[in-house]
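**Q** Pasting a structure below so you can have a look.
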Amino acid sequence: MTNGLEPTEEYDGSIVVRLLDDQTGREVIRCASYEDAISVVKENHRSVTVAKIVGRDGAVVFTSSEMDIDDWETEWEHAKRRLSVDVDEYECPYDNIACFADDLCIDCQIDRVKEQY
């Protein structure tokens, strides 16, 4: 069916962690999830020159030379939460970016308690 033409690349849909080191070269680790990839980066990012997470679409989503893995993980968790939960838009009166309708900031929680009395 392929007339002798076989694919030159295969795509397995995995997330890839690339560890780049000036002395030892490059290591590629395939991960099944972003959680696994984050764990691999946390274990290795201090011992290599650069650690990168490459998403399923081939785009580099994290580079250790440009950002901190803990900060990126927090932002990723917030983005995942926003995408996975279909909630009404909530605008925090205190302009707290971490305040959501289902997870209020402390100031909004205090306001809700005050409203009950």
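The values are calculated or read from the model by the stated rules, or taken from the named source; none is laboratory data. Quick caveat: nothing in here was measured; it's all calculated off a predicted structure. Using ideal geometry, Cβ is built from the backbone for each residue, glycine included, and neighbour counts are taken over all protein chains shown. The accessibility values were calculated without ligands, DNA or RNA, using every heavy atom of the protein model including side chains. Shrake-Rupley method; radii C 1.70, N 1.55, O 1.52, S 1.80 Å.
**Q** Would you mention how many residues in the range 77-108 are open to solvent by less than 80 Å² (accessible area, probe 1.4 Å) and part of a helix (DSSP H, G or I)?
**A** Going through the range 77-108 one residue at a time, the tally reaches 4.
**Q** Can I ask one more? Under the condition of being open to solvent by 40 Å² or more (accessible area, probe 1.4 Å) and touching a helix residue (DSSP H, G or I) at 6+ places or on another chain (Cβ under 8 Å), which residue from the range 31-44 is nearest to E77 (Cα to Cα)?
**A** Among them, the one singled out is Y34.
**Q** Do you know which residues across the range 26-76 are assigned to a loop (DSSP other than H, G, I, E, B), within 13 Å of the chain's Cα centre (by Cα) and over 11 Å from I15 (Cα atoms)?
**A** Across the range 26-76, the qualifying residues are S64, M67, D68.
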